[in-house]
Amino acid sequence: MQTTFPRLMMQHAAQRPEAPALREKEYGIWQTWSWARAAEDVKLMSCGLAALGFEPGQNLAIVGDNRPHLYLAFIAAQSLRGVPVPMYQDAIASEMAFVLQDAEINFAFAENQEQVDKLLELRESVPGLLKHIIYDDPRGLRNYSHEGLISIERLFEFGRQYAQQHPAFYEQSVAQGQPGDVSVILYTSGTTGRPKGVCQTHESFIRAAQGGVEVDGLVPADNIISYLPPAWVGDHLFSIAQWLVAGFTINCPESAATVSIDLREIGPSYYFAPPRVFEGMLTSVSIRMEDAAAPKRWLYQKFMAVARRCGAEILDGKPVPFTDRLLYALGNVLVYGPLRNVLGLSRIRVAYTAGAAIGPDLFRFYRSIGINLKQLYGQTETCAYVCIQKNGRVKLNSVGEAAPGIEIKIADNGEVLVRGVSVLKEYYKRPDATAEVMDAQGYFHTGDAGRIDHDGHLHIIDRAKDVGKMASGAIFAPNYIENKLKFFPQIKEAVVFGHGREQVCAFLNIDFEAVGNWAERQGLPYGGYVDLASKPQVLDMLAECVAQVNADLAAEEGMADTQIARFLVLHKELDPDDDELTRTRKVRRGFIGDKYKVLIDALYAGRSEQYIETQVKFEDGRTGMVSATLPIREAQRYPAVAQAA
């Protein structure tokens, strides 16, 4: 289908003008935009931008939480053959400055006062940028009189006037758009070095969306909740591309704090979240069950054992003994159904996770309670669309088969190579970087190490640059071990080391809410994160978690040498503001290794504790120091379990 996003918007408005396109919860009440209203808002925004001087080929920065006008701003820029450039709403000023300069931004659309303040500050420090800033939420901005700063309502007024003066302008502009035009520039998370602007076309995202819609049978009646950063490729695929292809309704929550409440109110039929969100949900379930009465805990444990035994198989329609099927049906009434309802997933027909590897244990938990959770594999450079898991063909340890329109092969060095409909056009102003990842045959080099099994399923081992070898020669895949650790609700983040070493050591972050809840029930007083993380009782509990992971590794072929020998709990949470994580919460392994070298040395030197002092950044931009003497623990290890021939 030769089309563009603005033409898809116009098509929905013509064919189903009164159907709901977007909803937004404001002051506790859901407000609805029909397709006709959404299309009219896009037209007025486009004409307003044209009146301000926005021209084809220019870039529009977009920053804020999930809001209808923010999503419509994407389509407005594209209607003028311009390019939207979303930025992470929690990014600090220096990160924003890089994107604004790299993409040569003169026009920006900001959600609220917080984002406007950041943009105005950057405009002062970087002359020549940001001539026009449009804001959506006027609260707190009444007395702002900065040049070039206008409200969305004022933009609409400009748009109405411009449309009256140029009645055929908007339709002609949309008609001039081509499928091969760049539709968005998404900046990579920058796990190594500066982020790069990934240029994707209308055609690449639309073809990727069509593949997903086809595989899962998505229809206009479907509902999703849009709460992930709009600058993330996953949200762009689901909340822009698939929304405009399938014509379902996207729902914007009132705030980040109300997402779980709004999720239960909406009851989406289609849901997407990175593994960290599913990890957080499981942690909240674990906390609730720990606080529950003894009979409830017994019931939960009893039926979760049944679910682990046969739930995933029942979901896939595989044969299961009659007794187990009967027990599972009873568990569905007493435990699984109420649990899905509490999570806001009671109406889910299909759910996806992507953005990082998900541990098989976490994956099995959700499928075992009847949630059709599947994995999507891809990168920003491939519209988050390379592999997709099809109903009835889900493997817990694979990311699925090649998606429609995609070819996959494994290079001689084990790297996953991808060619097909979703591959990037180029990196913005970086032909050198484009040439590094695209080969002469048109394959994109993903940087992931993997293998393809006899069923055509792709198994990701780890990032190719992170996969190494122990001194013993055993393959060391840190992400695989980290995911096993993060399955425990007490562990929020983990970073393991072992390449070229005799043994594996680990940094852990506790989940402050989960461990704090446990400490309160134990009558254990604590004075904050640092104090709680260093309590001997907490370290004992974490040692049990590490021991369970080691027992699993000992039972897996070739993994016994990668058991964790020693660990410590960091004195602070790893944070994107401190450059330890990307904005999508991926570990910046090399940076952490350099920053905490003294701790790594202490782990491998056999010390029992180590003092460290670390600079941290606060939300208001100030810096400070956090210091602590960290205890180091030995972990219980197990002999390798003999594998059956």
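The values are calculated or read from the model by the stated rules, or taken from the named source; none is laboratory data. Worth saying up front: this structure is predicted, and the values here are computed from it rather than measured. When we count neighbours, we look across all protein chains shown, and the Cβ atoms used for this are built from the backbone with ideal geometry, even at glycine. Each accessible area value is taken on the protein alone, full model and side chains, heavy atoms only, with ligands, DNA and RNA left out. Shrake-Rupley method; radii C 1.70, N 1.55, O 1.52, S 1.80 Å.
Scanning the range 419-446 for residues that are outside any helix (DSSP H, G or I) and in contact (Cβ under 8 Å) with a residue 40 or more places away in the chain yields 421, 422, 423, 424, 425, 426, 427, 428, 429, 430, 444, 446. Filter the range 386-405 down to the residues that are out of contact with any Phe, Trp or Tyr (no Cβ under 7 Å at 6 or more places or on another chain) and more than 15 Å from residue 372 (Cα to Cα), then identify the one that is least open to solvent (accessible area, probe 1.4 Å). Looking at the filtered set, the residue picked out is 398.
Restricted to the range 261-285, and to residues there that are within 23 Å of residue 26 (Cβ to Cβ) and of a type in the set (Val, Ile, Thr), the residue that is most open to solvent (accessible area, probe 1.4 Å) is 261.
Tell me, yes or no, whether the range 451-463 has at least one residue that is farther than 27 Å from residue 501 by Cα, assigned to a strand (DSSP E or B) and out of contact with any helix residue (DSSP H, G or I) (no Cβ under 6 Å at 6 or more places or on another chain). For the range 451-463, residues farther than 27 Å from residue 501 by Cα, assigned to a strand (DSSP E or B) and out of contact with any helix residue (DSSP H, G or I) (no Cβ under 6 Å at 6 or more places or on another chain): present.
Only a single criterion out of (1) assigned to a helix (DSSP H, G or I); (2) surrounded by fewer than 17 Cβ atoms within 10 Å (Cβ to Cβ); (3) hydroxyl-bearing (Ser, Thr, Tyr) is not satisfied by residue 472, namely (1).
Can you say whether residue 70 is free of Cβ contacts under 8 Å to residues at least 60 places away in the same chain and within 15 Å of residue 184 (Cα to Cα), as far as the supplied structure shows? No. Can you pull out the residues in the range 1-42 that are part of a helix (DSSP H, G or I) and either at positive phi or open to solvent by 50 Å² or more (accessible area, probe 1.4 Å) (or both)? Listed by number, the residues that qualify are 7, 10, 11, 14, 15, 37, 40.
The condition (being over 30 Å from residue 184 (Cα atoms), open to solvent by 20 Å² or more (accessible area, probe 1.4 Å), in a helix (DSSP H, G or I) and among the aliphatic types (A, V, I, L, M)) is satisfied by just one residue among 362, 327: 327.
For the range 338-353, taking the residues that are of a type outside the set (A, V, I, L, M, F, W, C) and out of contact with any Gly (no Cβ under 8 Å at 6 or more places or on another chain), the one that is nearest to residue 260 (Cα to Cα) is identified as 341. Criterion applied to 139, 81 was being part of a loop (DSSP other than H, G, I, E, B) and either among the polar types (S, T, N, Q) or crowded, with 19+ Cβ neighbours inside 10 Å (or both), and the one residue passing it is 81.
Considering only residues in the range 487-535 that are touching a helix residue (DSSP H, G or I) at 6+ places or on another chain (Cβ under 8 Å) and hydroxyl-bearing (Ser, Thr, Tyr), the one that is most open to solvent (accessible area, probe 1.4 Å) turns out to be 526.
Candidates 257, 221, 231: the one that is surrounded by fewer than 17 Cβ atoms within 10 Å (Cβ to Cβ) and within 20 Å of the chain's Cα centre (by Cα) is 257.
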